[in-house]
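Only one structure is covered here, and it is reproduced in the block below.
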Amino acid sequence: MKLIKIFSLCASLMLVPSAFAHHSFQATYDMDSMIEIKGKLVQMNFRNPHASVMVLAPDEDGNEQRWGVEWGGATLLMRQGLTRTSFKPGDEVIITGQPSRDRSDYRMRMESILRPSDGFGWGFSEDQTFD
């Protein structure tokens with residue numbers, strides 16, 4: 001009986017770090033704001049719990065920055081028809097999303113991504129348009 005209790009305690013303690021490792025989007029991103037960046041994709045990480053892309057794009061002052069853009073998990077994105085090769089380094093992209101609460105961070109949570117060269121994209125609503 002004592003061995004079962006020890007095993008149960010160890011198993012439950014193993015779950016604690018993962019509960020604290022995940023963050024709240026509302027705590028990290030300004031969910032009341034939406035920004036758009038246009039730039040060159042330099043890296044795509046297609047993984048769980050969140051895929052991400054790195055994009056070289058200008059900030060509000062026109063200075064080129066390396067933006068970290070958090071996306072949904074790879075499993076969900078695959079169910080929506082995307083693969084790890086849907087976007088490649090060198091692709092020119094337009095991304096919309098919620099900016100980091102700390103605007104000097106150059107991070108955002110992705111709402112949509114568009115590759116203008118062929119019109120391929122993800123995350124568009126019917127009323128969303130791009131110039």
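A few comments on the model shown:
- Segment Asp30-Val42, length gained on full extension (0.36 nm per residue, minus Cα span): 1.9 nm
- Fewest-first ordering of Met110, Met78 by other beta carbons within 10 Å of each residue's beta carbon gives Met78, Met110.
- The string of couplings for the range 45-58 from the Karplus curve (6.51, -1.76, 1.60, θ = phi - 60°) is 10, 9, 8, 9, x, 9, 6, 7, 10, 10, 10, 8, 8, x Hz, one whole number per residue in order, with x for Gly and Pro.
- Rounded to the nearest Hz, the phi-derived 3J(HN,Hα) couplings of the range 63-80 under the Karplus curve 6.51 cos²θ - 1.76 cosθ + 1.60 (θ = phi - 60°) are 7, 5, 10, 9, 8, x, 10, 8, 10, x, x, 4, 4, 5, 5, 5, 5, 8, where x marks glycine and proline.
- Rel. contact order, % - alpha carbon contacts under 8 angstrom, at least six apart, the range 22-122: 30 percent
- Amide H partners (placed H, <5 Å) of Phe120, local residues excluded: Arg115
- Neighbourhood net charge (14 Å Cβ-Cβ; Lys/Arg +1, Asp/Glu -1) for Ile95: 0
- The phi-based Karplus calculation (6.51 cos²θ - 1.76 cosθ + 1.60; θ = phi - 60°) puts the 3J(HN,Hα) values of the range 109-114 at 9, 6, 9, 7, 9, 9 Hz, whole numbers, x for Gly and Pro.
Every number in this text was worked out from the coordinates using simple rules, so none of it is lab data. Computed from a predicted model, the values in this text were never measured in an experiment. Because the Cβ atoms are built from the backbone with ideal geometry, glycine has one as well, and the counts that use them run over all protein chains shown.
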